[in-house]
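K.L.:
Could you have a look at this structure, given as structure tokens, before my questions?
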Amino acid sequence: MRERLVLGLMSGTSHDGVDASLVGFAGGKPGLLGHTRTPYSKSLRESIRSAFVGTAEEVCRLNFSLGEVFARAALQCLREAGVEPSSVEAIASHGQTIYHIPPRGGRPGSTLQIGEPAVIAQRTGIKVVSDFRAADMALGGHGAPLVPFADHVLFRRRATCCVQNIGGVANVTVVTPALEGVFAFDTGPGMCLVDEAMKALFGKPLDRGGRTARKGKADAGLLGRLRRHRYFRQRPPKSTGRELFGGGMLQKIFKHYPQVRPEDLVATLTRLTALSIKDAYERFVFPEHKIGEVILSGGGARNDYLVSLLREELSPLKVTLIDELGIPAEAKEALSFAVLANETLRGRPSSLPRVTSASRAAVLGKITYP
């Protein structure tokens, strides 16, 4: 059977770069063939950050600029893998989330990801599957998390496990042998609050390896207040983003807790991520599922201090880095959207209404031809 090649592109909540994963499908089974990461320049990171609260003109211009960046990232990945663009069936581009509004109180949600797919298609000569979240939200769903289908494809042969992604936002998929049993939701902040604090306090984009947090001590009063946030008690299905756990929340922390040392604040926010994941499991996962393992992916898996906290809080559960299973932590989300695009190309639904609360499953994404 001829192998179908799909290249996935992912730019997450942390907006620090784009990951490209080249994935081969033989008999429907995905295999990672190559991965590259293209860091964003400081000016591009600032443009994206500005667009979160920017004008229509800023978002409009950035849409096309990011399309160019995504196209270059795709071509770089193909060059490094030694693959001609003409051999690739499609590019799966998640895009850069600018704003995400979950449905609430009977009101429909909305979401916006940019990175113009027409630009990607024209620069690469490859058709593009993009805008994955819209179809699910049009059916009343949260449009997130969408990767649980891919998690099931990748890990269904293992015992029931939690696949915990820690990007800007953290989300968990409970992978069961049968797709009908898969359960997933956003647990809360991943690295978004830590990254915001590092930018504001130290002028750095992230706490590399958790070295800053390791120098500090969590502030018990602040940590207790943050853990009481209503989101953590909200039952799934649920999704969140930097609109809730982002710069606005950090400014309120600065206002009400000005006495907290910078290192202590970073330590507090890092521990919040670990504890919010633990709390989510205790509230919503453990009562329903017997878990044998937690698999960590995303940029947060590179924060050694956070990983140590998770191993401590989740003991005696085994915590495994996804790298140990042959998938680089940074490659997993881009790989996942390649899996979703492969289903789209076959005209098959890949959303899970049990996860997103949509009225039915949907074929995800829109296809743009070169």
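The values are calculated or read from the model by the stated rules, or taken from the named source; none is laboratory data. The structure displayed is predicted, hence computed values, not measured ones. Cβ coordinates were reconstructed from backbone atoms using ideal geometry, including for glycine residues, and neighbour counts include every protein chain displayed. Just the protein is used for accessible areas: all its heavy atoms, side chains included, with ligands, DNA and RNA removed. Shrake-Rupley method; radii C 1.70, N 1.55, O 1.52, S 1.80 Å.
K.L.:
Residue by residue through the range 65-77, which ³J(HN,Hα) values in whole Hz follow from phi under the Karplus form 6.51 cos²θ - 1.76 cosθ + 1.60 (θ = phi - 60°), with glycine and proline marked x?
P.N.:
Each residue of the range 65-77 in turn: 4, 5, x, 5, 4, 5, 4, 5, 5, 5, 5, 4, 4 Hz.
K.L.:
Quick check: Cα centre of the range 90-145 to Cα centre of the range 70-87, how many Å?
P.N.:
23
K.L.:
Then there is this: Under 4 °C and 1.567 mPa s, how fast does the range 37-177 diffuse according to Stokes-Einstein, given a Kirkwood radius computed over C-alpha pairs? Answer in µm²/s, whole number.
P.N.:
Diffusion coefficient, whole number: 76 µm²/s.
K.L.:
Quick one: how many lysine pairs does the range 196-313 have with C-alpha atoms less than 25 Å apart and a gap of 8 or more or different chains? Give me the count, please.
P.N.:
Within the range 196-313, the lysine pair count is 19.
K.L.:
Something else now. For I295, list long-range residues whose amide hydrogen, built 1.01 Å from N in the peptide plane, is under 5 Å from its own amide hydrogen.
P.N.:
So I295 has HN proximity to C162, V163, Q164, T320.
K.L.:
Taking the Cα centre of the chain as origin, sum charge times position over the Cβ atoms of Lys and Arg (+1) and Asp and Glu (-1), and report the length of that vector in debye to the nearest 20.
P.N.:
Roughly 740 debye for the chain.
K.L.:
While we're on this one: In terms of solvent-accessible area of protein heavy atoms at a 1.4 angstrom probe, what is the ranking of R133, R227, highest value first?
P.N.:
R227, R133
K.L.:
Roughly how many debye, to the nearest 20, is the charge dipole of the range 207-342 about its Cα centre, given +1 on each Lys and Arg Cβ, -1 on each Asp and Glu Cβ, and no other charges?
P.N.:
About 660 debye.
K.L.:
No solvent, one uniform scatterer per C-alpha: report log10 I(q)/I(0) for the chain via the Debye equation at q = 0.07 1/Å, two decimals.
P.N.:
-0.28
K.L.:
Kindly list the residues of the range 204-235 that lie in the label zone of F286, defined by a backbone N under 11 Å from the point 7 Å along the Cα-to-C-beta vector.
P.N.:
Answer for the range 204-235: none.
K.L.:
Restricting to DSSP loop positions (anything but H, G, I, E, B) with no more than 13 other Cβ atoms inside 10 Å of their own Cβ, which trypsin sites (Lys or Arg not before Pro) remain in the range 293-370?
P.N.:
In loop regions of the range 293-370 (DSSP not H, G, I, E or B), the sparsely surrounded trypsin sites (Lys or Arg not before Pro) are R346, R360.
K.L.:
Let me ask another. Using a 1.4 Å probe and counting only protein heavy atoms, arrange H35, H142 so the residue with the most accessible area comes first.
P.N.:
H35, H142
K.L.:
Given the protein chains as shown and a 1.4 Å probe, how many square angstrom of S41 are accessible, to the nearest 10?
P.N.:
Number for this one is 60 Å².
K.L.:
At 222 nm, what value in deg cm²/dmol follows for the chain if DSSP H runs of at least 4 each add -39500 (n - 2.57) and the sum is divided by all its residues, to the nearest 500?
P.N.:
The per-residue figure over the chain is -11500 deg cm²/dmol.
K.L.:
Tell me, what is the per residue accessible area of the chain in Å², probe radius 1.4 Å?
P.N.:
I get 42 Å² per residue for this part.
K.L.:
Taking N as the number of residues in the range 203-313, what is its Cα Rg relative to 2.2 N^0.38 Å?
P.N.:
1.10
K.L.:
What list of ³J(HN,Hα) values in whole Hz, one per residue of the range 279-292 in order, does the Karplus curve 6.51 cos²θ - 1.76 cosθ + 1.60 (θ = phi - 60°) give from phi, with Gly and Pro shown as x?
P.N.:
Per residue, the Karplus-derived 3J(HN,Hα) values read 4, 4, 5, 5, 7, 10, 9, 4, x, 10, 9, 9, 9, x Hz.
K.L.:
To continue, here is another question. Of M198, M249, which has the most accessible area with a 1.4 Å probe, and how do the rest follow in descending order?
P.N.:
If we order M198, M249 from most to least accessible, we get M249, M198.
K.L.:
Where Lys and Arg each count +1 and Asp and Glu each count -1, what net charge lies around A178 among other residues with Cβ under 13 Å from its Cβ?
P.N.:
+2
K.L.:
Just how far, in whole angstrom, is the range 183-261 from the range 25-44 if you go by their alpha carbon centroids?
P.N.:
Measuring centre to centre over Cα atoms gives 28 Å.
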